[in-house]
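K.L.:
Got a structure here, written out as structure tokens. Questions coming.
The values are calculated or read from the model by the stated rules, or taken from the named source; none is laboratory data. Quantities reported herein were computed from a predicted structural model and do not represent experimental measurements. Note that we place each Cβ from the backbone using ideal geometry, even for glycine, and neighbour counts take in every protein chain shown.
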Amino acid sequence: MNFNLPYLPERPAKPRINGLAMVMDKGLSIREAENFVSSSAELTDFIKLGFGTSAITNNLEQKIKVYKQAGIKVYFGGTLFEAFVIRNMFVSYMELIDKYQLDAVEVSDGSMNMEHQLKCEYIGKLSESYIVLSEVGSKDAEVEITNKEWISQMQSELEAGSFKVIAEARESGTVGIYKSNGKADISLIDEISSKVPLENILWEAPLKSQQAWFIKHFGANVNLGNIAPNEVIALETLRLGLRGDTFFEFVPDDIRRKYQ
């Protein structure tokens, strides 16, 4: 903070387990990554190299080094994990993680059908050596998952060794925990949060309206993901009530009544 204001919510410093921000890099250049680190490293906990972009990103090793030196944990998108698994190349995937010296990994089944027990076995194996973030939910809007299945899968993946379970939304924010218009599926989210500890969930929220909704619903230190690199500082202002969407969230009731 460059200056102090009263009535701002307390935000934990890194390394932290609550109030996480996971940013999606869909192909930034080295210079863009360096600029991002300069402006937003202290506000970013994880960088996901989205879907399969790491396979064709120039200077991949150098970019990963930029992020890691800034104290950001880097991992490959879950779609890349699935691309290796569907080709029966899980061991090669682990070798790839070690080659780039990553300390985090995403396990997902959003693009392919996978027995959930097998997914949990992958989580258990990977959690022996890496921080595992596992993703629940399909990337296909036509695939229906009941609320009970969402909860059961999240619980079993945490038991298998996941650090956080990611609630799927894609970078579009129109599937999974959201309706096709981008609005939060409130009944689903509330039922999940009533059965799964909130600190164990990372909600994908690529749109400002979604970020603001989660902050209003769960507070400043809700874990949010799929944040665009140029939106990290803007997200932090939402968390602090320094943007119109959350302006009255953290001031005392007497001030709110007077000015709202």
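K.L.:
Would you check which residues across region 7-66 are among the hydroxyl-bearing types (Ser, Thr, Tyr), farther than 28 Å from Phe247 by Cβ and touching a strand residue (DSSP E or B) at 6+ places or on another chain (Cβ under 6 Å) and list them?
P.N.:
Result: Ser54, single match.
K.L.:
Restricting the first residue to region 23-36 and requiring it to be outside any helix (DSSP H, G or I), which pairs with a second residue that is among the polar types (S, T, N, Q) meet a Cβ separation below 7 Å and a spacing of at least six or different chains?
P.N.:
These pairs meet every condition: Val23/Thr44; Met24/Asn226; Lys26/Thr53; Gly27/Thr53; Gly27/Thr57.
K.L.:
Quick one: Ser187 ticks every box in (1) more than 17 Å from Asn221 (Cα to Cα); (2) under 13 Å from the mean Cα position of the chain (by Cα) except a single one, so which number is it?
P.N.:
(2)
K.L.:
Let me ask you something else. Hey, could you check region 73-110 for residues that are in contact with a helix residue (DSSP H, G or I) (Cβ under 6 Å, 6 or more places away or on another chain) and not in a helix (DSSP H, G or I) and say which is nearest to Ser138 (Cα to Cα)?
P.N.:
Result: Asp109.
K.L.:
If you don't mind, there's one more thing I want to ask. Scan region 187-202 and report the pairs whose first residue is more than 16 Å from Ile215 (Cα to Cα) and part of a loop (DSSP other than H, G, I, E, B) and whose second residue is among the polar types (S, T, N, Q) and at pLDDT 95 or above, with Cβ atoms within less than 8 Å and a gap of 6+ or a chain change.
P.N.:
Val196/Gln155
K.L.:
Collect the residues in region 20-36 that are crowded, with 19+ Cβ neighbours inside 10 Å and over 16 Å from Leu202 (Cα atoms), keeping them in residue-number order.
P.N.:
Across region 20-36, the qualifying residues are Asp25, Leu28, Ala33, Phe36.
K.L.:
Does Asp190 fit the bill of being touching a His at 6+ places or on another chain (Cβ under 9 Å), farther than 24 Å from Lys73 by Cβ and not polar (S, T, N, Q)?
P.N.:
yes
K.L.:
Could you look through region 130-161, keep only residues that are polar (S, T, N, Q) and free of Cβ contacts under 8 Å to residues at least 12 places away in the same chain, and pick out the one that is surrounded by the most Cβ atoms within 10 Å (Cβ to Cβ)?
P.N.:
Ser152
K.L.:
Also, quick follow-up: Is it the case that region 63-74 has a residue that's over 30 Å from Asp253 (Cβ atoms) and exposed (fewer than 14 other Cβ atoms within 10 Å of the Cβ)?
P.N.:
yes
K.L.:
Looking at region 187-235 only, could you name the residues that are surrounded by fewer than 21 Cβ atoms within 10 Å (Cβ to Cβ) and of a type in the set (D, E, K, R)?
P.N.:
Selection gives Asp190, Glu191, Lys195, Glu199, Lys208, Lys216, Glu231.
K.L.:
Condition first: assigned to a strand (DSSP E or B) and out of contact with any Phe, Trp or Tyr (no Cβ under 7 Å at 6 or more places or on another chain). Now tell me which residues in region 11-22 satisfy that.
P.N.:
Ala21
K.L.:
Moving to a separate point now. Going by the conditions given, is Ile56 touching a helix residue (DSSP H, G or I) at 6+ places or on another chain (Cβ under 8 Å) and of a type in the set (Val, Ile, Thr)?
P.N.:
Criteria not met by Ile56.
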